[in-house]
1. Of everything in the stretch 167-179 that's part of a helix (DSSP H, G or I), in contact with a Pro (Cβ under 9 Å, 6 or more places away or on another chain) and under 23 Å from Leu231 (Cα atoms), which residue is modelled with the highest pLDDT?
2. Among the residues of the stretch 180-213, which ones are assigned to a helix (DSSP H, G or I) and more than 20 Å from the chain's Cα centre (by Cα)?
3. Restricting to the stretch 215-233, what's the tally of residues that are over 21 Å from Arg343 (Cα atoms) and out of contact with any Pro (no Cβ under 6 Å at 6 or more places or on another chain)?
4. Being closer than 21 Å to Cys209 by Cβ, touching a residue at least 60 places away in the same chain (Cβ under 8 Å), surrounded by 17 or more Cβ atoms within 10 Å (Cβ to Cβ) and within 20 Å of the chain's Cα centre (by Cα) narrows it down to one residue among Ala284, Ala240, Ala293, Ala304; which is it?
5. List the number of the failed condition for Ala129; all other conditions in (1) surrounded by fewer than 24 Cβ atoms within 10 Å (Cβ to Cβ); (2) not in a loop (DSSP other than H, G, I, E, B) hold.
6. Could you grab me the full set of residues in the stretch 81-117 that are over 19 Å from the mean Cα position of the chain (by Cα) and either outside the structural domain of Gly327 (by TED's automatic domain parsing) or not in a strand (DSSP E or B) (or both)?
7. Please enumerate the residues belonging to the stretch 264-290 that are at pLDDT below 75 and in a helix (DSSP H, G or I).
8. Does Ala320 meet the test of being part of a helix (DSSP H, G or I), in the same structural domain as Thr202 (by TED's automatic domain parsing) and either touching a residue at least 40 places away in the same chain (Cβ under 8 Å) or touching an Asp or Glu at 6+ places or on another chain (Cβ under 8 Å) (or both)?
Amino acid sequence: MGLPDLTCPACSRTYAADRDAPWRCECGHALDFAERPRPEGPPTDPGDLDRDRGLWAFDGWLPVGPRVTLGEGWTPLVDAPDWGATFKLDYLAPTGSFKDRGAATTLSLAATLGVDRVVEDSSGNAGAAIAAYAARAGLEAEIFVPANAPTAKLAAIEHAGADVVRVTGDRAAVAEACQTRVDSGGGWYASHAWNPAFFAGTATFALECAAQRDWNPPDAVVLPVGHGTLLLGAYRGFAALHEAGWIADVPRLLAVQAAGHAPLAAELHPDDARRDAGDENALADGIQVDVPARPDEQVAALEATGGDAIAVGEAEVHEALEALRRGGFDVEPTSAAAPAGLRAFRERGVLAPDDDVVVPLTGRSKG
């Protein structure tokens, strides 16, 4: 089976999905696969899914084959009664974050295309994941990072053998430097924000979550959002299951962003954004994204599910982080943003006390 073409949802241009395909459309919009496969027929019995294959148990839903894997996927769903929710422990992934889902599919695509060198820009977790999976695939990797990125995350990238390029400035400056390298022929853009294969991987979060619940989706999923890779992946996964008739409803998706870096929350709640304009959440460094690659798609995902977005401050994240660690969940600060948002959504009445809610814990503490 060949790879599906790439298409632009904004202007409908199409491109062949080969190693020379552009990393974005001529119009500037991000590209997606023109077709998203899904199996035919009734739902598979969850007990018949081969969990030893990791996320590739869902290969019938994926546009690329299992060329590169480190055993990612099938992270536990754990009841968290103190939070009135269920946590999905994606911080137990091979490199310690949900980004392994997208790295597996993105590097599998790179291997399929015969790529020799991949390039990525990241504040930490995505860079570590791409570096590790590139090493697994035997490919060279170059990761552009903010000059002030956490030391432990940089160490994880370097330990995988990738070249690290430190860039002074914000996340947008890092992305621009990386894209300039790609445009000059410096490598294939394995971007967690732009490459459509990455979102095919993060969609397996939803497929797993539904399967672990016997195809009964929760009422809502509360997620941390920077570039929206997990938000959009979850939406695409749940929507595909619904379209296939495997689940009855698509859960409400509730986005949590860092105060001071919350364009999605500002779009939906401009009055709140003006009130909170002076806030700055430096603790949740993994979601400090002011200009996401796919903002229109993020808003559309929330609107389609009756969802919402909120910004949480540093004190709220710190409080949630301490509570999580006391409960045995050894997560990084950015992971605590979603549980902090869970509390805030309940305080605002967006979530009822008895709503069935899943919250992914997305990244492991790096020290």
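1. First pass over the stretch 167-179, keeping only residues part of a helix (DSSP H, G or I): 171-179.
Those still in the list that are in contact with a Pro (Cβ under 9 Å, 6 or more places away or on another chain) too: 171, 173-174.
From what is left, the residues that are under 23 Å from Leu231 (Cα atoms) are 171, 174.
On the way: Arg171: 87, Val174: 94.
Among those residues, the one meeting the criterion is Val174.
2. Filtering the stretch 180-213 for residues assigned to a helix (DSSP H, G or I) gives 180-183, 196-202, 204-212.
Thr180, Arg181, Val182, Asp183 - these are the residues of the stretch 180-213 that are assigned to a helix (DSSP H, G or I) and more than 20 Å from the chain's Cα centre (by Cα).
3. Selection size over the stretch 215-233: 4.
4. Answer to the selection: Ala240.
5. Single failed check for Ala129: (1).
6. Those that are over 19 Å from the mean Cα position of the chain (by Cα) and either outside the structural domain of Gly327 (by TED's automatic domain parsing) or not in a strand (DSSP E or B) (or both): Pro81, Asp82, Trp83, Gly84, Ala111, Thr112, Leu113, Gly114, Val115, Asp116, Arg117.
7. Within the stretch 264-290, Asp272, Ala273, Arg274, Arg275 qualify.
8. Working: part of a helix (DSSP H, G or I): yes; in the same structural domain as Thr202 (by TED's automatic domain parsing): yes; either touching a residue at least 40 places away in the same chain (Cβ under 8 Å) or touching an Asp or Glu at 6+ places or on another chain (Cβ under 8 Å) (or both): no.
Taking the combined requirement at face value, the residue does not satisfy it.
The values are calculated or read from the model by the stated rules, or taken from the named source; none is laboratory data. Remember, predicted model here, so these are calculated numbers, not experimental data. Backbone-built Cβ (ideal geometry, glycine too); neighbour counts: all protein chains shown.
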